[in-house]
Amino acid sequence: MNDAPATPLTVLADAAAYAEAVQLAVDAAAAYYGDGTSPPDDDAYDRLVRGIEAYEQTHPEQVLPHSPTGKVAGGAVEGDVPHTVPMLSLDNVFDAAGLERWAAGLERRLGRAVTAWSVEPKFDGLAISARYHHGRLTQLVTRGDGTAGEDVSRAIGTIVGLPDRLSSPVTVEIRGEVMMTAEQFEAACEKRTAHDGTTFANARNAAAGTLRAKDRPYACVS
């Protein structure tokens, strides 16, 4: 494994560059958690936030109150639907040393050594909580700030693979990631372009924007 960071940070030379980066990150998050029009992809956003973090570590007296660091990604919470159990955010590891620190911390929390690992690709989309009552899908809630999220139940019936009814009349909460395949993303962009001439920035933002759409006269199945 190469110890060099896989995702370099955005270098911020001075206070002006830092302030600009903070505003860019705030605007990108607001757009992503709004209508999915945020231009930066996930990798570019991560580099930007890591650059902000690095600048703040060396200039703690200049930290802006609206900086995105130290906050759980999720944007503004509309509806304020409390989660039954907090929906936590995944952390990032970019090099071997960071992975070793994370593993050591996990073993300290578990109180034992970890002898086996499960590794799988990360599907980048929007975390969602699906609540079933007596086997019927009654509510969809975004992660929001981790403790409460936005009710997006209007999207029930538009998510492929998420049934409106279960085979058993159970009351349960299921959590997962809503995402778009390349084919679905292309189809969503075609529909949006035909409607108003605009398009989605990327598949992740398309999934988020489609799920949160309130007044859109067309549907993009995700």
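Side notes on the structure shown:
- Taken together, the residues in the stretch 145-201 that are part of a helix (DSSP H, G or I), under 25 Å from V81 (Cβ atoms) and either at pLDDT below 85 or of a type in the set (S, T, Y) (or both) amount to 1.
- Taken across the stretch 135-144, residues that are in a loop (DSSP other than H, G, I, E, B) and without any contact (Cβ under 8 Å) to a residue 40 or more places away in the chain do occur, with at least one present.
- Picking from residues in the stretch 7-22 that are closer than 22 Å to N92 by Cα and exposed (fewer than 15 other Cβ atoms within 10 Å of the Cβ), the one that is modelled with the highest pLDDT is V11.
- Residue that is farthest from H83 (Cα to Cα) [pool: residues in the stretch 98-144 that are surrounded by 10 or more Cβ atoms within 10 Å (Cβ to Cβ) and among the charged types (D, E, K, R)]: E100
- Selection within the stretch 51-66 - assigned to a loop (DSSP other than H, G, I, E, B) and either of a type in the set (V, I, T) or surrounded by 14 or more Cβ atoms within 10 Å (Cβ to Cβ) (or both): V63, L64
- Residue ID - farthest from Q23 (Cα to Cα), chosen from residues in the stretch 34-54 that are of a type in the set (A, V, I, L, M) and modelled with pLDDT of 80 or more: A54
The values are calculated or read from the model by the stated rules, or taken from the named source; none is laboratory data. Please read all numbers here as calculations on a predicted model, not as lab measurements. We place every Cβ from the backbone using ideal geometry, glycine too, and count neighbours over all the protein chains shown.
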